[in-house]
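Reading through the C-alpha cells given below for one structure.
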Amino acid sequence: MKIGRVIGRVVSTQKVESLEGVKLLLVQPLDENLQNVGDAIVAADTIQSNVGQLIYYETSMEASRVIETRMNPCDAAIMGIIDDMFVKDKK
C-alpha cells in the first residue's frame, strides 16, 4: 500500500460501464515524511474520502479488486483513510 493525500476531484461525464457510480479523486503520492513524491494520480474512491484527507491506496491489479465488477480498467484505488501515523526516527 502507498500513502497519499486527496488533492482534488475528477469529473467524468462518460466512463466505462464498470466505473459507473464510482467517484474519482486526484491523489498526490507521499513518502513516509508526508513529502510529495512524483505526479498526482487519479484513483477510484469507494470509501467516501474527501479532499485534504490522508489516505492509503493501492495500484495495479490489487486496485481493480476494490470495484465489484470483476474485469475493470481501474489502475489506482483508495483503500482507507489514515487517522494517525507514527514513523520511528531513522538512525
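Between Met71 and Met1, what FRET efficiency follows from the Cβ-Cβ distance if R0 is 25 Å, with the result rounded to 0.05?
0.65
Round to the nearest 0.05 the FRET efficiency obtained for Glu32 and Ser12 when R0 = 25 Å and r is the Cβ-Cβ distance.
Computed FRET efficiency for Glu32 and Ser12 comes out at 0.20.
Any idea how far apart Asp83 and Ile47 come out in nm if each label point goes 7 Å out from Cα toward Cβ?
Going by the 7 Å Cα→Cβ label model, 1.2 nm.
Can you put Lys15, Lys2 in order of Cβ neighbours within 10 angstrom, beginning with the fewest?
If I rank by nearby Cβ atoms, fewest first, I get Lys15, Lys2.
So what's the chain giving for Cα Rg divided by 2.2 N^0.38 Å, two decimals?
Dividing the Cα Rg of the chain by 2.2 N^0.38 Å gives 1.11.
Each value in this text was obtained by applying a stated rule to the coordinates, not by laboratory testing. Remember, it's a predicted structure, so these values are computed and weren't measured experimentally. In this analysis, Cβ positions are derived from the backbone assuming ideal geometry, glycine residues included, and neighbour counts consider all displayed protein chains.
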